[in-house]
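See structure below.
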Amino acid sequence: MNIVSPKSKISKDELISVLKNAIGVIAGTEIYDKDVLNSCKDTLKCISRKGSGVDNIDIDYCKKLGIKILTQHLDVVSDSVAELTIWLMISLLRQPFNKKRIYIGENLIDKRIGIVGNGQIGSRVIKLLRSFGCRDIYVNDIIKTKSSHTIEEVFKHCNFISLHFPLNKQNYQFINRKLLRQMDGGFLINTARADIVDNDYLYNELDDHAIWGFASDVIDNDIWGFKNLDNVILTPHIGSYTWKITNELLISAKYDCVEYLNLLHK
C-alpha cells in the first residue's frame, strides 16, 4: 500500500514525482490541479487532507477521476484558531508591534463584535469572547437559522468583524467593497481564506485609515503586500500550527486514508 506524505513548500514537478504510483496521499496545502491529478489518475484513490480546507484541490476534477477527498474536523483545531483570533483582536487594540509611537490601547469588553461564520470555529470564538465579558455580539452565518443579524447589519454596526467561513465558488470575494464601505472605522480579522475578501479594495481602505486595522492569518501574494501598512498584523497561517494539533491532524489523516483504502480492497 503506497501512501505518500509530501513535504511542505513542494513544487509542482516535485509533487508529480512523489505521487508516482501512489494510491493515497496525506495532503497539506500544496496544489492539486488538473496537471497534478492527471499525472496520477491511474493509481491515486484518495487525498486525505491534514485539515478541513480543500480550496487547494480541484474538487470537480477529483470527482470526475473518482479520487476521494477526505478532510479533518477536529475540535482541537477550532479551539486553536479561536484562541489565535482573540489574540489578534487584542493585538489590534493594543498595537504591541507598533514601532512608530507608544499606543494607548482599548478594551475588548467595550466592543461590539461581529462573527461571520458560526460553525465550529466561529462558535468557539463567541464562547471565548463571552468569557472576556463581551456581550454585544452580532452573528451572521451562511446557514440563516444560525444568524442573529444580517451581514449588512454586522458591517454597519460592529467595531470588530471576524471571518470564519470556507472559500468556495459561491463566496469568492463575498466580503466585497459594498460591505467594506459600510465599516465606520473598525477592525477586520480573517483567519479563514484570503480570497473571501476583496483585498484590493481593503488595502485602499486601510491605507486611507477608513478601516482602522486588519489582521490576517491567511497570506497569499495579495495579502503579503499589506505588510507595508502600519495598521496591519500578518501571521503565516499558524492558527492550527501547534505541536499538539499538527500531530493529531497527521495521525487522523493517515488513519482515514488507510481505512478508506482498506474498504476499497474488501
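Points worth noting:
- Segments classed as strands (runs of 3 or more DSSP E), wholly inside the stretch 24-132, with at least 3 members that are crowded, with 19+ Cβ neighbours inside 10 Å: 24-27, 46-49, 113-116
- Taking the criterion of being in contact with a Lys or Arg (Cβ under 7 Å, 6 or more places away or on another chain) and of a type in the set (A, V, I, L, M), the residues of the stretch 70-89 that qualify are L70, V76, A82.
- Of everything listed in (1) in a helix (DSSP H, G or I); (2) farther than 20 Å from L70 by Cβ; (3) over 15 Å from the mean Cα position of the chain (by Cα), the single unmet condition for I223 is (3).
- Complete set of residues in the stretch 165-205 that are among the hydroxyl-bearing types (S, T, Y) and either farther than 30 Å from D79 by Cβ or assigned to a helix (DSSP H, G or I) (or both): Y201, Y203
- Test: residue in the stretch 152-164 that is assigned to a helix (DSSP H, G or I) and over 22 Å from I137 (Cα atoms): no
- If you go through the stretch 157-178 and keep only what is among the aliphatic types (A, V, I, L, M) and in contact with an Asp or Glu (Cβ under 7 Å, 6 or more places away or on another chain), you end up with L167, I175.
- When F214, F165 are screened for being at pLDDT below 95, surrounded by 15 or more Cβ atoms within 10 Å (Cβ to Cβ) and hydrophobic (A, V, I, L, M, F, W, C), only F165 passes.
- The single condition among (1) part of a helix (DSSP H, G or I); (2) exposed (fewer than 14 other Cβ atoms within 10 Å of the Cβ); (3) of a type in the set (D, E) that E248 does not satisfy is (2).
The values are calculated or read from the model by the stated rules, or taken from the named source; none is laboratory data. Computed from a prediction, not measured in an experiment: that's the story for all the values here. For neighbour counting, all protein chains shown are included, and Cβ atoms are generated from backbone atoms with ideal geometry for every residue, glycine included.
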